[in-house]
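First the structure, in the form of structure tokens, and then the observations on it.
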Amino acid sequence: MRNLQDRIASENGLMLVSTIARLLFASLVFSYFITSAKPDPLSLSGHILFWGYLAAQIGLLAKIIPAREWLALILDAGAITFAVALDPSSPAPTLALYLISLLSAGLLRGLTSFFLMLCINGALVATLLLTQQQAGEPIAYASAFLLALICVCAVYLGVLIYRNAVLTRKAQEATWSDPETGLISHHALVATAGWLLPLHDRLASNLTVALIQPAQSGQLGALSDLLATRLRKSDVASRYDRNVLALLLPCTTLTAAENLLGDLRNSTLPFYASIITLNNDRHGLEETLVQLEQHLGRAIGNTEHWLAHAPAPAAT
């Protein structure tokens, strides 16, 4: 399921969905002409147009073709023009293909509202067909084709709506979760974790905050994986800077936090850290993190004193 969502959310997935929709529409148009041309067979030019269109659209799936989306739109415009010119009905139901072409080319916003209107129109056409059938009137091929076209268009827009929902969810995950480490992003930490300070002040409990940086470059991912498995569920680990992680340890004294960091450093890869314990809400989270960042520099490169204690920042 995850792989399917990733494929639909990609540009190649959008190109594939658009091509499948174009082939469905082309098949509907070809079936319509075959049915409406009886007893006279469809001309050779109609067969060449249909099969040539299918081959061209399938060929445009190749990534090596430059500007393939624009070529697909130009091909659509030409094919629709020929289809309307060959349509024997008046008014030509194939004129609806122009609207579908515009939708697939540019209307990628507000699809939910249009999808609802499309379903309503489809229901009205279906009601018209049922009324004609009950009255003993023959069902017009044009009306049946229009209903089928609306149904295919509804399915196509449903896929696009689903794709937009997947893209929205991915954007929200990227905002909350740092894509490189899998931890909470810096933006999410600053925006949401500030409530921990006044909460611990009300509980008369200590909140210990730490910044840690791997001793060697390229080890941030391994350190993030370690924190994800060793920390408590109540602890908060997040991305702070390019090579720095932030830890918020609720209801944790300074000694307990020092022991935790020492165990982590001795059992796995080395890192440097700065630490501070807060017991009131007079200090903002951002000011505390800035204070820790300044004192982290004293620990970096010092294997003997890898843990720096930072004093509380000035009250805000």
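The values are calculated or read from the model by the stated rules, or taken from the named source; none is laboratory data. Remember, it's a predicted structure, so these values are computed and weren't measured experimentally. Positions of Cβ are generated from backbone atoms using ideal geometry, with glycine treated the same way; all protein chains shown enter the neighbour counts.
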List every residue pair whose Cβ atoms lie under 7 Å apart, where the two residues are 6 or more positions apart in sequence or sit on different chains, the first residue falls within the stretch 246-269 and is within 9 Å of A210 (Cβ to Cβ), and the second residue, located anywhere, is part of a helix (DSSP H, G or I) and not small (G, A, S). A246/L189; A246/L289; L248/L196
Given (1) part of a strand (DSSP E or B); (2) closer than 21 Å to H186 by Cα, A308 misses just (2)
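Per-residue answers, yes or no, for (1) farther than 16 Å from D225 by Cβ; (2) touching a Cys at 6+ places or on another chain (Cβ under 6 Å); (3) in a helix (DSSP H, G or I):
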position: S238; (1), (2), (3): no, no, no
position: L249; (1), (2), (3): yes, no, no
position: T252; (1), (2), (3): yes, no, no
position: T255; (1), (2), (3): yes, no, yes
position: E258; (1), (2), (3): yes, no, yes
position: G262; (1), (2), (3): yes, no, yes
position: A273; (1), (2), (3): yes, no, no
position: I276; (1), (2), (3): yes, no, no
With respect to L278, determine if the residue is more than 18 Å from L183 (Cβ to Cβ), in contact with a strand residue (DSSP E or B) (Cβ under 6 Å, 6 or more places away or on another chain) and at pLDDT 80 or above. no
Yes or no: R109 at pLDDT below 65 and either surrounded by fewer than 14 Cβ atoms within 10 Å (Cβ to Cβ) or not in a loop (DSSP other than H, G, I, E, B) (or both)? yes
Which condition does P311 not pass, out of (1) under 40 Å from the mean Cα position of the chain (by Cα); (2) farther than 18 Å from Q219 by Cβ; (3) modelled with pLDDT of 80 or more; (4) loosely packed, with under 14 Cβ neighbours inside 10 Å, if it passes all the others? (1)
Of everything in the stretch 254-281, what is touching a Ser or Thr at 6+ places or on another chain (Cβ under 7 Å) and surrounded by fewer than 17 Cβ atoms within 10 Å (Cβ to Cβ)? Give them in sequence order. L254
Based on what the data block shows, is V166 closer than 26 Å to L16 by Cβ, in a helix (DSSP H, G or I), β-branched (V, I, T) and under 20 Å from the mean Cα position of the chain (by Cα)? yes
Taking A148 as the residue in question, decide whether it is surrounded by 12 or more Cβ atoms within 10 Å (Cβ to Cβ), modelled with pLDDT of 70 or more, within 20 Å of F33 (Cα to Cα) and more than 20 Å from the chain's Cα centre (by Cα). yes
